[in-house]
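Novice: Could you have a look at this structure, given as structure tokens, before my questions?
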Amino acid sequence: MEERMMHQVDETVARYGSTDEALVEILRDLSQQAGYLDRPTLAAVAKKLAVPESRVFSVASFYSMISVEPLGKHVIRMCQDAPCHVAGGRKIWETLEQALGIQFGQTTSDGQWTLMPTSCIGLCAVGPVMMIDDEVFGNLTPEKVNEILARYREQDGGAA
Amino acid sequence: MKSLEELRKIKERALERRKLAGEGAKSRITVAMGTCGIAAGARDTMKAVLNEIEKRQIADVVVTQTGCMGLCEYEPMVTIKIGEADEVTYGKIDAARIPTLIEKHLLGGEPVAEWQVQTAK
Amino acid sequence: MVYRAHILISGDAACIAKGARDVEAALWEAVQELNLKDEVQILEVSSLGHSDQGPEIVIYPDGTDYVNLTPEDAKFIIEEHLLKGRPVERLTYREPPSLPLPPPSEKEVRVVLENVGKIDPENIEDYIAMDGYMALGKVLGEMTPEEVIEELKISGLRGRGGAGFPTWLKWTLARNAPGDMKYVICNGDEGDPGAFMNRSVLEGDPHSVIEGMAIAAYAIGASQGYFYVRAEYPIAIQTLRAAIKQARDYGLLGEHIFGADFSFDLEVRMGAGAFVCGEETALMQSIEGARGMPRTRPPYPATAGLWGNPTNINNVETYANVPKIIHKGGSWFASMGTDKSKGTKTFAIAGKVERTGLIEVPLGMTIREIVYDVGGGVLGGKKFKAVQTGGPMGGCIPEQYLDLPVDYEHLKEVGSMMGSGGFVVMDEDTCMVDIARFFMEFTQDESCGKCVPCRVGTRRMLEILNRICAGEGRPGDIETLEELAVYIRDGSLCGLGQGAPNPVLSTLQYFRDEYEAHIYDKTCPAKVCKGLIEYKINPEACIGCTRCARNCPVNAIEGKPKQTHVIDADICIRCGVCKQVCPVDAVYVE
Amino acid sequence: MSEIHLTINGKPVVAQSGQTILEAAKQADIDIPVLCHHPALANWGACRMCLVEVKGMRGLQTSCTCPATEGMEVETETEKVVAVRKFVLELLFSERNHYCMYCQMSGDCELQDLAYRYGLDHWTYPRPFEKMEVDASRKYFIMDPNRCILCSRCIRACSEIAANHTLGLRDRGARTMVVADLDVPFGESTCVECGTCLQVCPTGALIDAKSAYGGREKDVIHTQTTCMQCSVGCDLDVVTRYQRLLRVDGVWESEPSGGLLCVDGRFKPLYEKRQRVTGPLVRKDGKLVAAGWNEALGIVAEKLQSGSCQGLAYCATTDEALTAFARLFAKVDGAAGRIEPQVAPLGFGQVAKVQDVLDADVIIVTGAQPLEYQRVIGYFIHRAADQGAQVAVITDDENGLSARAAMTLTSAEAGKAVETAAGAGKVVVVYGTEIKPEVIAALKPLGDEAYILALDPARNAQGATAAGLQPQEPSDVDVLYFLLGEQSEDAALLAKVNGAFKIVQAAYHSPLVDQADVVLPTPIWVERTGHVTNLDGSAKPLHAALLMPENVRDEAEALAALADMIG
């Protein structure tokens, strides 16, 4: 495990360059690879770039696409911006919160789902929009949301 | 790039190529592959276009891509240009519509009116 | 074995989720029962293309496509289609209705978007064919930096990302600032909700921006440039990187471009999800690998920017205009637009309008023209209520200003701003208090937390707005909101905080009655705020189909089949699902 | 720098170009309130307290960041400015728990002061804050985020002054928090307990654990004195209340440390556990018993004149005491020396001052562990490295500075440090008693251009040298006189002590004290008056912040009395 992580850190740092100015990109990339950045990974980045851990943590926790806390198996990112909102985004928010039994910013207790807001992903014409992991879903309705969730649950083997 | 002259030569060459549908080809299919297009399924559409061309062994067509045409709601969007005729733009072209589109417009020469959208000049 | 017919059934996850397995079982059963198993083959395939309407089957050789199937339907189809040779019309797939798109308006003028959607962004020669890099060649071969800036001055181009600062002046300041190392930065952190013009340009015509930056670099004396693009735009970044590589391959970036004593190269930096990084000083912090926290100005980036060096920063659209201006002349550009706002502007029209998407119009076009002529009017023929421009730092402009020319000055006059070009149309079903609340939630969430007025003040405003929308507004709330808004505007460090109260101020200015209705009458006129509404079922209309009761997430609806249903207001969470699923529109909001 | 002229509140003000409006105002005695600004830290511009109106500039300007320019017209207390300041204060009071009554810093809080100044008389906004956990995992101080106003002074102090970079921020917006390292409890962090964060905190978010909740700030007394924990000699602001030691702060704008202290200077003395010698003791019937000063000094005087004697001092006392000590032994023809080893001169280079480290381009450290024994110099080296200085550590053992040094070399590789220094601007060699002869030889090519900072391990080394005390070993004499001051002897010394008659002058009990025939008490640092001479060679004043115990006398005074008795 640790070896794999170190390898990932080495590789990512090599890609962006081991200067402190690449910190934001390195952290974002690593966070996307691993789902989130655990403390050993953050410490490894700090060491590799020779920057203080406090700076690594400050930067990591500032940006919304970098996570320093564990996320669920699937991360739902619901667009929280105006066009989606006007198009009925609030209902989708509520449907998601209801369906998963958690609030935005939380992860289900079984570790399957994390619900997060995201800023505009520029697909306003098909709002409301959400992303599950890397997949984008547009023109959402509460019904459609429940269907999509059901499909993921089915894929995951009927669990959760 | 050493000089404006060199750039002009490239321009002439590129223009020549663009005037036709494609280099040595009779027609051109363009799939809009902006984020909006891809979110709406443009990758599948593109795949379907390539499949269909291979399946039917159509030789004189160029398949290319372009960015967002500004009508994100109508993605995936596809344009077809045959010879020196005006380009025709289609909206909401999912993979399932490609065989029909290629059959009727590209091969049959008849644009599919009900899928057509008009874009700004 | 040769079969007379093949039945393909979609094994797509969505179809399975909706019962494809049962349908498949029913197909097998029917084939056995009707003794067709030697004639008909059933094959499961990955997808048939309409999984949103699954379960789906396609029967070949004729290719009839059936969707939304139940096991009963499956059996029926085998009997009718395969045994009796009669396709079941009612179950066949129907194409989505043809496109109800109004024709594009002649009023659009495409300058920045000229090539977007017309050329292959990954083929530099496509761009060159459209006179690409001619402007750079001309600048390097025939013009001094001063002449370049003069041409921009003639054009009247102003920053397309926000406040509209004259571009020539910005360049002059950076040019005159002392320093050996200077930078140009392209701000591609397009974060305004509803705005995606820059994304479209980066994805569709990246070279125009690269060329604009190279010209800027020549004008101010820089040799290094940075593209800062938000990570939410992965395709744009990919396209951009490919374009930069091609430009290098063609010698349009790098050493001694066009044989001139000018070298310039570009690097792409990706954001990581922070709206505030659209603010120029925060953006530079982010490029330097730090938290994107804005710093006070002065000093301005023109004198002390990236790593303390003189830096010119413009947004995507501003740079994309530059090659056109050089190529066609500043006065050509200045011939479009208004006296003080020259040229064209791209907008992303979204919300309740027929023709959503990307447009480009000359500055000074009225809101009415944009909404009705270019945008095709309000969606579904509803009544126009307001348009929100300028993103979360902008404001809502009401119907009375439909004939307002859209330019920097006029938008500001009515309490909004140009911003980067978001244009969200709102109709009568939009609650303006809810919209204000929404924007405050956004800025509150995106506040970097550095300065007190923005960090704490937006929080206090949001709390009040939340209360009002929940039906718990109190007398005095409006006045407190106004007070908070003014002080946050005057006291905040950067544009995000200074602009954060704008949506509240503008809605208070034009839709105060809606606030008052929420607070004093405890009603939401647009029937949106769920603390103030109640869902009811019209007994005359209800057909007792039980659909609402089955879909209600909290079992708040009582009723037997074929009898009138009733919603228990105490249990109801006002999610509105019942209203959406009712086939006869019997559910209404009070 | 040139002179510029502006007007502030209608008053003509002369300032230097490059100064901010705030600095210009301060020079002209115009008070502009601040919260996030601190003169020892980089400008931040976040709290918005220092907003002013400048004619011709759009909006309000933060005077702490806005450069003063020629002809500028500034107004610092307009109606608008005052309204925004009051608003900011109201917001801050609504953000977290600022119930002053229950705050240790009430009366000594910059936030509270400003609230009084701007007439806050009620809570304007609701205060829906959640209680946050207090971090008391650090021995010497407590972090209470409930009182934090996120001014970031502590973070900047940790990075800019201590160069330790332990503190940072987590999250953003209203969720922002000050955290250590990767968000670990303070006590588990890389914190070096210098306490600079504590000293810059404007509120009660970072408080000293010892003095917390012990009474009101209005009753405290501040006394300026000099730290005696090592040879650096930092200026101290000692805070006492009712003759009790509360806390120790650094003094901004003082040499050599500029306000920076270390754990030894700021905290450790507050936790002194050794048993104090509170009066003279003489051995009777094999036991040490209390005696009067006259009796004890009488015995000492007699002994010193009756046989061969030697005086050995730890240099943990005043210049005056060391001089008196040397003088006394000269009088009785005894040898007198210091116990700690002394650093020998290198034979090249020019003498450096401590602050020369800060603007060095290359720093060579060898034979010394400043992070352990002269910590402030260790932090200065880190600070210089943050500014781009190349640090080369030459050592055959572990050295804490290696972690952030550009290179760590063995003694044999010392030449590489000289190569690095070649062509560099300012080169500073920091060395201690452990320096090896071959390293000295290798560094010699640096020549007289190099600045040399010798880290003498003794606390008042320069004072001892001035008094002519050189290192000596205990010898075979009839009477051994130890001047220990506050320093307890180490085991090596104890082992060398023979069966002579032993006189020990010390503040605390120790094995040597317990073996002594006569014990004379001494004051401790906080009770001392006199001077110490620091590494830079300045005689720095000591001012007593606490009274000595009744039966304790200052060494210099006791030694002078002895000399008088001997005549």
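Novice: Among the residues of segment C:275-289, write down those that are open to solvent by less than 10 Å² (accessible area, probe 1.4 Å) and in contact with a Pro (Cβ under 6 Å, 6 or more places away or on another chain). Steps first, answer last, please.
Specialist: Taking segment C:275-289 and keeping what is open to solvent by less than 10 Å² (accessible area, probe 1.4 Å), we get C:276-277, C:281-284, C:286-287, C:289.
The answer is C:Thr281, C:Ala282.
Novice: Looking at segment B:61-74, is at least one residue of a type in the set (D, E, K, R) and surrounded by 21 or more Cβ atoms within 10 Å (Cβ to Cβ)? Walk me through how you get there before you give the answer.
Specialist: Within segment B:61-74, the subset of a type in the set (D, E, K, R) is B:73.
Those left that are additionally surrounded by 21 or more Cβ atoms within 10 Å (Cβ to Cβ): B:73.
Yes, because at least one residue in segment B:61-74 is of a type in the set (D, E, K, R) and surrounded by 21 or more Cβ atoms within 10 Å (Cβ to Cβ).
Novice: Next question, about the same structure. Among the residues of segment A:54-62, are any touching a His at 6+ places or on another chain (Cβ under 7 Å), part of a helix (DSSP H, G or I) and surrounded by 17 or more Cβ atoms within 10 Å (Cβ to Cβ)? It would help to see each step written out before you state the result.
Specialist: Here is the first cut: in segment A:54-62, the residues touching a His at 6+ places or on another chain (Cβ under 7 Å) are A:54-55.
Still in the list and also part of a helix (DSSP H, G or I): A:54-55.
Narrowing the set further to residues that are surrounded by 17 or more Cβ atoms within 10 Å (Cβ to Cβ) leaves A:54-55.
For segment A:54-62, residues touching a His at 6+ places or on another chain (Cβ under 7 Å), part of a helix (DSSP H, G or I) and surrounded by 17 or more Cβ atoms within 10 Å (Cβ to Cβ): present.
Novice: So C:Leu505 ticks every box in (1) open to solvent by less than 10 Å² (accessible area, probe 1.4 Å); (2) modelled with pLDDT of 95 or more; (3) under 17 Å from C:Gly419 (Cβ atoms); (4) not aromatic (Phe, Trp, Tyr) but one. Which box is left unticked?
Specialist: (1)
Novice: From the list D:Leu206, D:Leu260, D:Leu236, D:Leu270, which residue is open to solvent by 10 Å² or more (accessible area, probe 1.4 Å) and touching a residue at least 12 places away in the same chain (Cβ under 8 Å)? Can you show your working first?
Specialist: Details: D:Leu206 fails: open to solvent by 10 Å² or more (accessible area, probe 1.4 Å); D:Leu260 fails: open to solvent by 10 Å² or more (accessible area, probe 1.4 Å); D:Leu236 fails: open to solvent by 10 Å² or more (accessible area, probe 1.4 Å).
Going through D:Leu206, D:Leu260, D:Leu236, D:Leu270 in turn, just one is open to solvent by 10 Å² or more (accessible area, probe 1.4 Å) and touching a residue at least 12 places away in the same chain (Cβ under 8 Å): D:Leu270.
Novice: So, C:Ala302, is that one surrounded by 22 or more Cβ atoms within 10 Å (Cβ to Cβ), at negative phi and in contact (Cβ under 8 Å) with a residue 40 or more places away in the chain or not?
Specialist: Details: surrounded by 22 or more Cβ atoms within 10 Å (Cβ to Cβ): yes; at negative phi: yes; in contact (Cβ under 8 Å) with a residue 40 or more places away in the chain: yes.
For C:Ala302, the condition - surrounded by 22 or more Cβ atoms within 10 Å (Cβ to Cβ), at negative phi and in contact (Cβ under 8 Å) with a residue 40 or more places away in the chain - is met.
Novice: (1) within 19 Å of C:Asn115 (Cα to Cα); (2) in a helix (DSSP H, G or I); (3) open to solvent by less than 40 Å² (accessible area, probe 1.4 Å); (4) more than 7 Å from chain C (Cβ to nearest Cβ): which one isn't true of B:Ala14, the others all being true?
Specialist: (4)
Novice: Oh, and also: Within segment C:458-467, can you find the residues that are in contact (Cβ under 8 Å) with a residue 40 or more places away in the chain and at the interface with another protein chain (Cβ under 9 Å from one of its Cβ atoms)?
Specialist: We begin by selecting, within segment C:458-467, every residue in contact (Cβ under 8 Å) with a residue 40 or more places away in the chain; these are C:458, C:461.
C:Thr458 - this is the single residue of segment C:458-467 that is in contact (Cβ under 8 Å) with a residue 40 or more places away in the chain and at the interface with another protein chain (Cβ under 9 Å from one of its Cβ atoms).
To keep it simple, each residue is scored yes or no on (1) hydrophobic (A, V, I, L, M, F, W, C); (2) touching a strand residue (DSSP E or B) at 6+ places or on another chain (Cβ under 6 Å); (3) within 14 Å of chain B (Cβ to nearest Cβ).
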position: C:Val353; (1), (2), (3): yes, yes, yes
position: C:Gly357; (1), (2), (3): no, no, yes
position: C:Pro362; (1), (2), (3): no, yes, yes
position: C:Met365; (1), (2), (3): yes, no, yes
position: C:Ala386; (1), (2), (3): yes, yes, no
position: C:Gln400; (1), (2), (3): no, no, no
position: C:Gly421; (1), (2), (3): no, yes, yes
position: C:Cys431; (1), (2), (3): yes, no, no
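Novice: I'd like to verify a number: residues in segment C:268-288 that are more than 7 Å from chain A (Cβ to nearest Cβ) and of a type in the set (Gly, Ala, Ser), how many?
Specialist: Matching residues across segment C:268-288 total 3.
Novice: I've got another one for you. Hand me the list of helices (runs of 4 or more DSSP H) wholly inside segment D:1-120 holding 1 or more residues that are open to solvent by 20 Å² or more (accessible area, probe 1.4 Å), farther than 30 Å from D:Val134 by Cα and not assigned by TED's automatic domain parsing to the domain that holds D:Pro202.
Specialist: Numbers: elements: D:21-27, D:79-95, D:110-117.
By residue number, D:21-27, D:79-95.
Novice: Name the residues in segment D:509-525 that are under 14 Å from D:Ala290 (Cβ atoms) and in contact with a Pro (Cβ under 8 Å, 6 or more places away or on another chain), would you?
Specialist: D:Val518, D:Val519, D:Leu520, D:Pro521, listed by residue number.
Novice: Another one. Considering segment D:58-94 alone, what residues qualify as being without any contact (Cβ under 8 Å) to a residue 60 or more places away in the chain and among the charged types (D, E, K, R)?
Specialist: Let us first name the residues in segment D:58-94 that are without any contact (Cβ under 8 Å) to a residue 60 or more places away in the chain, namely D:58-67, D:78-94.
D:Arg58, D:Glu79, D:Lys80, D:Arg85, D:Lys86, D:Glu90, listed by residue number.
Novice: I would also like to ask the following. Kindly indicate whether any position in segment A:8-19 is within 13 Å of chain D (Cβ to nearest Cβ), closer than 25 Å to D:Arg156 by Cα and open to solvent by 30 Å² or more (accessible area, probe 1.4 Å).
Specialist: Within segment A:8-19, the first condition is being within 13 Å of chain D (Cβ to nearest Cβ), and the residues that meet it are none.
No, there is no match, as no residue in segment A:8-19 is within 13 Å of chain D (Cβ to nearest Cβ), closer than 25 Å to D:Arg156 by Cα and open to solvent by 30 Å² or more (accessible area, probe 1.4 Å).
Novice: Being outside any helix (DSSP H, G or I), basic (Lys, Arg) and touching a Phe, Trp or Tyr at 6+ places or on another chain (Cβ under 7 Å) is the filter here; which residues of segment C:555-590 pass it? First the steps, then the outcome.
Specialist: If we filter segment C:555-590 for residues that are outside any helix (DSSP H, G or I), which is where we start, we get C:555-576, C:582-590.
Now restrict to residues that are basic (Lys, Arg): C:560, C:562, C:574.
Of everything in segment C:555-590, just one residue is outside any helix (DSSP H, G or I), basic (Lys, Arg) and touching a Phe, Trp or Tyr at 6+ places or on another chain (Cβ under 7 Å), namely C:Arg574.
Novice: Restricting to segment C:552-570, give me the number of residues that are on the phi < 0 side of the Ramachandran plot, within 14 Å of chain A (Cβ to nearest Cβ) and either buried (at least 21 other Cβ atoms within 10 Å of the Cβ) or modelled with pLDDT under 85 (or both).
Specialist: Applying the first criterion (on the phi < 0 side of the Ramachandran plot) to segment C:552-570 yields C:552-554, C:556-558, C:560-561, C:563-570.
Adding the requirement that they be within 14 Å of chain A (Cβ to nearest Cβ) leaves C:552-554, C:556.
If we keep only those that are either buried (at least 21 other Cβ atoms within 10 Å of the Cβ) or modelled with pLDDT under 85 (or both) too, we end up with C:552-554.
Total meeting the criteria: 3.
Novice: While we're on this one: Just for strands (runs of 3 or more DSSP E) wholly inside segment D:128-217: which have at least 3 residues that are at the interface with chain A (Cβ under 10 Å from one of its Cβ atoms)?
Specialist: On the way: elements: D:141-143, D:167-170, D:177-180, D:206-208.
Where strands (runs of 3 or more DSSP E) fall fully within segment D:128-217 and carry at least 3 residues being at the interface with chain A (Cβ under 10 Å from one of its Cβ atoms), they are D:167-170, D:177-180.
Novice: For segment C:218-267: of the residues being in contact with a Gly (Cβ under 8 Å, 6 or more places away or on another chain), aliphatic (A, V, I, L, M) and farther than 26 Å from A:Val24 by Cα, which is nearest to the other protein chains (Cβ to nearest Cβ)?
Specialist: Filtering segment C:218-267 for residues that are in contact with a Gly (Cβ under 8 Å, 6 or more places away or on another chain), aliphatic (A, V, I, L, M) and farther than 26 Å from A:Val24 by Cα, the one nearest to the other protein chains (Cβ to nearest Cβ) comes out as C:Ile257.
Novice: Between D:Ala360, D:Ala316, D:Ala296, D:Ala324, which is modelled with pLDDT under 95, surrounded by 21 or more Cβ atoms within 10 Å (Cβ to Cβ) and either touching a helix residue (DSSP H, G or I) at 6+ places or on another chain (Cβ under 8 Å) or in the same structural domain as D:Trp525 (by TED's automatic domain parsing) (or both)?
Specialist: Values: D:Ala360 fails: modelled with pLDDT under 95; D:Ala296 fails: modelled with pLDDT under 95; D:Ala324 fails: modelled with pLDDT under 95.
None of the other options fit; the residue is D:Ala316.
Novice: Anything in segment B:80-121 that is open to solvent by 40 Å² or more (accessible area, probe 1.4 Å), more than 8 Å from every other protein chain (Cβ to nearest Cβ) and within 15 Å of B:Thr30 (Cβ to Cβ)? List them, or say none.
Specialist: B:Ile82, B:Ala85, B:Asp86, B:Glu87, B:Pro111
The values are calculated or read from the model by the stated rules, or taken from the named source; none is laboratory data. Because the structure is predicted, anything quoted here is derived from the model rather than measured. Every residue, glycine as well, gets a Cβ built from its backbone with ideal geometry; the counts of neighbours run over all protein chains shown. What goes into the accessible areas is simple: the full protein's heavy atoms, side chains included, and nothing from ligands, DNA or RNA. Shrake-Rupley method; radii C 1.70, N 1.55, O 1.52, S 1.80 Å.
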